[in-house]
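Here is the structure we will look at, set down as structure tokens.
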Amino acid sequence: MAEFFTPTTEQEFAANFAQLKPLMNRTEALYESSRCLFCFDAPCIKACPSGIDIPQFIRQINSGNETGAARTIYEANYFGNACGKVCPTEVLCEGACVYNLQDVKPIEIGRLQSYATTKVIESGKKLFSPGAANGKSVAVIGAGPAGISAACELRALGYAVDVFEAKAQPSGLTVYGVAPYKITNEETLAEMDYLQAQFGYNTHFNSPINSREELMKLENKYDAIFLGIGLGKTNALGLPGENKINCTGAVEFIAELRQHHHEIAVGRKVIVLGGGNTAMDAASESARLGAEQVTLAYRRGKEEMGAYEFEYDLAKGVGVSGLFNVAPLEIVGDDYVAGVRFIRTETINGKVSEIAGSEFVEPCDMVIKATGQAKQTEFLRLIPGLEVDGKGRIVANAHTGQTTNPKYFASGDAWNGGAEVVNAAAEAKLTARGIHAYLSK
Amino acid sequence: MPDLSINFAGIKSPNPFWLASAPPTNSGYQIMKAFDAGWGGAVWKTLGVPVVNVSSRYGGVNYRDKRLVGFNNIELISDRPLADNLREIEEVKKRFPNHAVIASLMVQSRQEWHDIVRQSQDAGADGFELNFGCPHGMCERGMGSAVGQEPKILQMIVEWVMEVATKPVIVKLTPNISDITEPALAARRGGADAISLINTIQSIVGVDIDQFAPYPIVDGKGSNGGYCGPAVKPIALNMVKNCAQHPDIKLPISGIGGIENWRDAVEHILLGASSVQVCTAAMHFGFGIIREMTSGLEQYMVDKGFSTIYDFVGKALPNVLPWEQLNMKYKVMANIHAEKCIGCQLCYTACEDGAHQAIRLNAGTRVPEIIEENCVGCNLCSLVCPVEDCITMDRTDSGTEHITWKERVAAGTAPTEFNDERAGGRHHWVPEPSAALGKERHKTLPGKARVYAGDLGL
Ligand SMILES: Cc1cc2nc3c(=O)[nH]c(=O)nc-3n(C[C@H](O)[C@H](O)[C@H](O)COP(=O)(O)OP(=O)(O)OC[C@H]3O[C@@H](n4cnc5c(N)ncnc54)[C@H](O)[C@@H]3O)c2cc1C
Ligand SMILES: Cc1cc2nc3c(=O)[nH]c(=O)nc-3n(C[C@H](O)[C@H](O)[C@H](O)COP(=O)(O)O)c2cc1C
Ligand code: SF4
Ligand code: SF4
Ligand code: SF4
């Protein structure tokens, strides 16, 4: 039985995709901020990839200085509001909160963070302004968390910045990939507007950089180029039947969902292939779109899934069921998907092997492949001297983000291989400093 | 079942819990409701020539998310006609003959005092409380704390009252004075039967930082008010103790100030009070709090084997000594119970910055370690630790030696010179001042910069 009716209006969609971390009101923020112990050398700060001074901003909220709190957050992380809502806080700051060791509920750091940032975004209160122009300019490719964060920091340092983005909106996967129950499009874009209003970088949307010629133009015009291109499309499975109608990649499915909400169709019986966080998201999202049955199919055992436990719990909570130790062999059906032929597997000494003769067909009318995002290998080949590692990740200096082509710098998914918004934001801020160090030589 | 009843200087009450003279005792309606709920007595809102109050009267002190840890008011005495109050006193006494109804009084001339005492007596009041405490409004008219701060005038007024009073007279003392025993002694000399303390403490409870005016705000202005509520209990307890220990006062004490639950009441009683009065807690939570107070007191008495209140009135007094009589050989040391520690390191930063640099952090663990040679046994770390019983202060001396400051002075072993070898901190290790510089600077950097601060030379 489906847990959710198929949403047909924006209101129904919003109800099915209700925010997991809704905005706090003043009283809630006061109560929650009052609980923070103001730990010395706080473990929550260390667990935050962007190193936000959490006890400091919580104390600022508590004393009624929300503006100061927002400044503390943004000084460390330009995606402060988005991160408060979309970060996997259970395994980051909140997971490190000392209260866990006392079996007391950890401080709701994420929600407090978004409480403070929402205040300044809504009031439009300026916290930053561009630095005095230094006469140099940087091109940023990609307006995701990495690209926008780099743009902000570079503007603060006095650079002229042009951001080139293939899509029509900024924030990358924050608005095209993250689950809608984590953050709304409006919230995401409001933060983007807020940042742009303060830092004044130029954005060029619907402007993919795809050729050597375009890159050469940039190389000639700008003093440095920042790559914040993220990852690519969903990896192909290489299975027969993969191009049948209603067999789609998770990233593509979610991008549609984020843009068209209830207007996109989901199958009645959906099979999601994969065991990572994106698989959990796609499964949850299918259920919330009204699919009657959603099955997560994973090659190994439940314990071996890459997804965070809380993400799996979230999927289970909306009625998703798990099918473990099965490998897909073929997508069956005529033009349309009709099922997946699986073979059972077993894991012996960490190695997965198929059990001969255990094949079966699991019927369904939609398949979502959450089998990882491909790297932007082709695009990266266009940059002379730029090395990628064995996994297709850009090779760059850990502290400065400089790639093996000294004019190019990189951060975010394209460099780390796929992490979270917070990692991209933190890395890009540092890399902007790296660019500054390089161009100040 | 223990007996909670008291006989306070001749005023009988089924339990020691009285409502203090304040808004909760403004009317017969409220007092009947309170008695119905279980209160033992009530001191009527102060009677006198009825006043006119301003609008916006109270201010609060909130601590983080806790409301009204302190409370202040700029209200005056009763604004109701005396006749109405007296009629209602009579009505309450008829309905509740065994409960204590005490008339709080504040007037000016001898004649007025005589008149109001006689009329309250006729109305059936069980006793009087002379309000020499109000620290605002009334004192500017030569009443309230203006009297409480002048022992001679206080004594004279008590004498006037004693000329006509046939019921016990309690003198309510103001804490707005440096030595509370002076007015208490004056009350005794004037012939009073008991004292009650404390009234409110002159205060400004806070300032509106946008309007630049003190709370509570009356048309953009404010005035000093009277402070009470949980925050004032420590001041009240000390004053109660001072009066209870004074060899010449020897009057029953009604303890007032910051009483909100049975535990607060027991503390007042252990320091010498034999009835307690409550105002702020009743204004905050209503009369219903009495159920917790009586049941808690009863349970405490059962647990301790006390059969009446008098079994423990002043029981802590022998243990309150002047500082110079404390045993200087007694030593405690902080002991961190690692299995309970949650690694907040509040103890570390408290001792490091606020005490004696006697706690160190070690690599690889968040559990701090006590540097035994440096711990002076001040308690600070155990007070800031958020985990119950995680830092205990354990006794380290043999328990066989005893010497006080007084004895050391007498024996000539107390430090007397600026650089005396016998000073307490003489052999105490203190880090070099310059070792402090930059020690925690990386913590002031924004974001990830703190991690790479060294590498990038930020
Ligand atoms: C389904 C899904 C769910 C996720 N959920 C979460 C979550 O809940 N919480 C979380 O913290 N993280 C989540 N993430 C991860 C997070 O979204 C990414 O780590 C983060 O967005 C990476 O930022 P980025 O700037 O490196 O790349 P992206 O966000 O991918 O941004 C790259 C941008 O570059 C543009 N671009 C690429 N190539 C070009 C080109 N050649 N020319 C011009 N523009 C180009 C793209 O259009 C895109 O806008 C999720 C990811 C996915 C896929
Ligand atoms: C609003 C208000 C009005 C008060 N009015 C009187 C009064 O008329 N007469 C009096 O003796 N004390 C008055 N008090 C002082 C209280 O009786 C009491 O001494 C003081 O509040 C401390 O007790 P608490 O901390 O338990 O509230 C008043 C207190 C408040 C808060
Ligand atoms: S660990 Fe928890 S309690 Fe400590 S500072 Fe961080 S949020 Fe506050
Ligand atoms: S204050 Fe208590 S819990 Fe915190 S580090 Fe010290 S001993 Fe541990
Ligand atoms: S008792 Fe005082 S001196 Fe000793 S460790 Fe604790 S804070 Fe430091």
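The values are calculated or read from the model by the stated rules, or taken from the named source; none is laboratory data. From a predicted model like this one, the values you see are computed outputs, not experimental measurements. Heads up, the Cβs are rebuilt from the backbone with ideal geometry, glycines too, and the neighbour counts pull from every protein chain shown.
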key: Top-ranked residue of segment B:325-376 - restricted to ones that are on the phi > 0 side of the Ramachandran plot and away from every other protein chain (no Cβ under 11 Å), ranked as surrounded by the most Cβ atoms within 10 Å (Cβ to Cβ)   = B:Gln357
remark   = Selection over segment B:1-39 where residues are small (Gly, Ala, Ser) and under 21 Å from the mean Cα position of the chain (by Cα) yields a count of 3
ask   = Only one residue in B:Ile102, B:Ile74 is within 15 Å of ligand 2 (Cβ to nearest atom), more than 14 Å from chain A (Cβ to nearest Cβ), touching a His at 6+ places or on another chain (Cβ under 6 Å) and in contact (Cβ under 8 Å) with a residue 60 or more places away in the chain, so which one is that?
value = B:Ile74
inquiry  = Quick test of your reading of the structure: A:Leu92 fulfils all but one of (1) in contact with a helix residue (DSSP H, G or I) (Cβ under 8 Å, 6 or more places away or on another chain); (2) away from ligand 1 (no atom under 16 Å from the Cβ). Name the failing condition by number.
reply    = (2)
remark   = B:Arg64 vs (1) in contact with a helix residue (DSSP H, G or I) (Cβ under 6 Å, 6 or more places away or on another chain); (2) more than 14 Å from chain A (Cβ to nearest Cβ); (3) among the basic types (Lys, Arg): all pass except (2)
inquiry  = Please verify whether B:Glu182 is more than 17 Å from the chain's Cα centre (by Cα), at pLDDT 95 or above, acidic (Asp, Glu) and within 18 Å of B:Glu112 (Cβ to Cβ), treating the condition exactly as stated.
reply    = no
query = So which of A:Ser129, A:Ser149 ends up being of a type in the set (Ser, Thr, Tyr) and either touching a Ser or Thr at 6+ places or on another chain (Cβ under 8 Å) or under 22 Å from A:Phe379 (Cβ atoms) (or both)?
reply = A:Ser149
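Consider B:Leu317 carefully, then state whether it is away from ligand 2 (no atom under 16 Å from the Cβ), surrounded by 13 or more Cβ atoms within 10 Å (Cβ to Cβ) and within 18 Å of A:Cys39 (Cβ to Cβ).
On the way: away from ligand 2 (no atom under 16 Å from the Cβ): yes; surrounded by 13 or more Cβ atoms within 10 Å (Cβ to Cβ): yes; within 18 Å of A:Cys39 (Cβ to Cβ): no.
Taking the combined requirement at face value, the residue does not satisfy it.
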ask   = Does A:Gly200 fit the bill of being within 24 Å of A:Glu122 (Cβ to Cβ), surrounded by fewer than 20 Cβ atoms within 10 Å (Cβ to Cβ) and small (Gly, Ala, Ser)?
value = yes
ask   = Restricting attention to segment B:30-62, and to residues there that are among the polar types (S, T, N, Q) and crowded, with 17+ Cβ neighbours inside 10 Å, which single residue is farthest from B:Ile290 (Cα to Cα)?
value = B:Thr46
ask   = Yes or no: B:Glu298 away from ligand 2 (no atom under 16 Å from the Cβ) and assigned to a helix (DSSP H, G or I)?
value = yes
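Would you point out which residue out of B:Thr365, B:Thr392, B:Thr400 is over 15 Å from B:His337 (Cα atoms), polar (S, T, N, Q) and either assigned by TED's automatic domain parsing to the domain that holds B:Tyr348 or not in a helix (DSSP H, G or I) (or both)?
On inspection, the qualifying residue turns out to be B:Thr400.
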query = Right, A:Ala132: under 12 Å from A:Phe199 (Cα atoms), free of Cβ contacts under 8 Å to residues at least 60 places away in the same chain and aliphatic (A, V, I, L, M) or not?
reply = yes
query = How many of the residues making up segment A:130-156 are at negative phi, surrounded by 21 or more Cβ atoms within 10 Å (Cβ to Cβ) and in a loop (DSSP other than H, G, I, E, B)?
reply = 2
key: Failed criterion for A:Ile107 (all others in (1) in contact with an Asp or Glu (Cβ under 7 Å, 6 or more places away or on another chain); (2) more than 11 Å from ligand 3 (Cβ to nearest atom) hold)   = (2)
remark   = Only one of (1) more than 14 Å from chain A (Cβ to nearest Cβ); (2) away from ligand 5 (no atom under 13 Å from the Cβ); (3) touching a Lys or Arg at 6+ places or on another chain (Cβ under 6 Å) does not apply to B:Arg426, and that is (3)
